[in-house]
1. For B:Arg35, which of the numbered conditions (1) within 18 Å of the chain's Cα centre (by Cα); (2) part of a strand (DSSP E or B); (3) under 25 Å from B:Gln120 (Cβ atoms) fails to hold?
2. Taking the residues in the stretch A:78-106 that are over 18 Å from A:Leu129 (Cα atoms) and either assigned by TED's automatic domain parsing to the domain that holds A:Pro180 or of a type in the set (Asp, Glu) (or both) as candidates, determine which candidate is surrounded by the most Cβ atoms within 10 Å (Cβ to Cβ).
3. If I filter the stretch A:72-89 for residues that are within 17 Å of A:Arg34 (Cβ to Cβ) and among the aromatic types (Phe, Trp, Tyr), do I get at least one hit?
4. Of everything in the stretch A:107-121 that's part of a helix (DSSP H, G or I), surrounded by fewer than 22 Cβ atoms within 10 Å (Cβ to Cβ) and not aliphatic (A, V, I, L, M), which residue is farthest from the other protein chains (Cβ to nearest Cβ)?
5. I want to confirm something. Restricting to the stretch A:49-77 and keeping residues that are within 16 Å of A:His31 (Cβ to Cβ) and within 12 Å of the chain's Cα centre (by Cα), which single residue is most open to solvent (accessible area, probe 1.4 Å)?
6. Looking at this structure, is A:Arg154 touching a Ser or Thr at 6+ places or on another chain (Cβ under 7 Å), outside the structural domain of A:Phe16 (by TED's automatic domain parsing) and either modelled with pLDDT of 95 or more or open to solvent by 30 Å² or more (accessible area, probe 1.4 Å) (or both)?
7. For the stretch A:6-37, enumerate the residues that are open to solvent by 20 Å² or more (accessible area, probe 1.4 Å), closer than 17 Å to A:Ala107 by Cα and not small (Gly, Ala, Ser).
8. Can you name every residue in the stretch B:64-84 that is assigned to a strand (DSSP E or B) and of a type outside the set (A, V, I, L, M, F, W, C)?
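The values are calculated or read from the model by the stated rules, or taken from the named source; none is laboratory data. The structure displayed is predicted, hence computed values, not measured ones. Neighbour counts run over all protein chains shown; Cβ positions are idealised from the backbone, glycine included. Accessible surface areas use protein heavy atoms only, side chains included; no ligands, DNA or RNA. Shrake-Rupley method; radii C 1.70, N 1.55, O 1.52, S 1.80 Å.
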2 protein chains.
Amino acid sequence: MTPVAASPLTLKLSAFVALSEAELAVLARLHGRRRTFAAGRDMGHQGQPDQAAYILSSGWVCSYKIQPDGTRQIVDFQVPGDFLGLRSVLLRTSDHSFEPIGDIQAAEVLTSDLLEAFVQTPRLAMAILWAASRDEAMVVEHLVGIGRRDADARMAHFLLELGSRLALVGIGSKEGYDCPLTQYHLADALGLSAVHINRVLRQLRESGLVTFRDGRVTFDNYSGLVDFAEFDPAYLDQTGPLLK
Amino acid sequence: MTPVAASPLTLKLSAFVALSEAELAVLARLHGRRRTFAAGRDMGHQGQPDQAAYILSSGWVCSYKIQPDGTRQIVDFQVPGDFLGLRSVLLRTSDHSFEPIGDIQAAEVLTSDLLEAFVQTPRLAMAILWAASRDEAMVVEHLVGIGRRDADARMAHFLLELGSRLALVGIGSKEGYDCPLTQYHLADALGLSAVHINRVLRQLRESGLVTFRDGRVTFDNYSGLVDFAEFDPAYLDQTGPLLK
């Protein structure tokens, strides 16, 4: 078995499809062109044509849109096992920008690589469609969250969702996880001011639910936080493979 | 050539991939189990397991989430050529509900049907992944719109996006399109009150930009509306096939 058998993408797709040796080998070849990107480097920007897509294997990435008025709306964060810019490749013109938070490792993937992989194993196509559906389900949750959840519940939901995503790829648990995000990331993702972010985090900490401090999220009361945020992780679909 | 060669889904996917006779035949078989659903009938609801997916061939559908407080957030509308509930099938538990607006026709599709189609033509897998990416790009646009656009620009953007989507499947143009949505649909989709919707529509009409009346959207000044909404349709990727 190659080391790629345990890559974050493999761990993630295994939640949807039980992967055979042959399918693992195809996934391994998709990781062939590995690259390193430094923190803050622009990997792809809004409006750019002919952009490459990547599979993130370590580190975090921030995806955002710049508004006509210059403000930044963070659409999502990518964690290991996520695709970067897959939508940009398929839609030809990138509808968003993305940049690494800290140094990252990622493998470059072209449309032709994906097509070749799908020819070899159509089940992988289903698995990647599943991953894309899951990404869409998350954006829908955020859409609903901004429309309807108050600031405290929005933050609680956000920290729980990240925890579930990280647990799936083996770098988080119901105890907590390492998190490189700053208050500015949180503000631009949740549509709140940085001052408001600090107040919300203090409130959640003083309620004994969750502590975010020194690059670490600690769930002080996981089930209490789930109740508070009305967090139902069904949309993340992590209960084991559908396709055996 | 079968009549399905001109199905809305075929028209839509042709924007991404030039379809061969064999691929058209596979798409035709996906339309095998046709069904009719009456207006207002619940086709699938939030939290439902083992739901079917559908390819919509005529009529409009509304997808929404019910919040814990009982309010409804409309996530999107589906028009001919769109999948219904594909995300629900792949993620096993539906993260949203959907119901027809007026009577509709749709073909039922199971995960096994999709997998079989992907085995026969991997290019179709790429095309459906493209369609899913495009759906996600739309949700992202809505997310950004609710966060940052004012009510008039949000409405203008919404009517332009629908027009582009309908033009792709041959039932809309820069002149306008038939639209069965009520002010209540618009209110729940755009996060505004029904009273506010009427005011916004009157303003856009009096500015000579667009008129929505008696089930018809008429673009009185298409390019003026595009400027007003800062509408850049690149995220809808309708400029012709990437895969020849």
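1. (1)
2. Looking at residues that are over 18 Å from A:Leu129 (Cα atoms) and either assigned by TED's automatic domain parsing to the domain that holds A:Pro180 or of a type in the set (Asp, Glu) (or both), I get A:Asp95.
3. Within the stretch A:72-89, one or more residues are within 17 Å of A:Arg34 (Cβ to Cβ) and among the aromatic types (Phe, Trp, Tyr).
4. Checking each candidate, the answer is A:Asp113.
5. Out of the qualifying residues, it is A:Ser58.
6. When the stated conditions are applied, A:Arg154 does not pass them.
7. Result: A:Pro8, A:Leu11, A:Leu24, A:Arg29, A:Arg33, A:Arg34, A:Arg35, A:Thr36.
8. Residues satisfying the conditions are B:Tyr64, B:Lys65, B:Arg72, B:Gln73, B:Asp76, B:Gln78.
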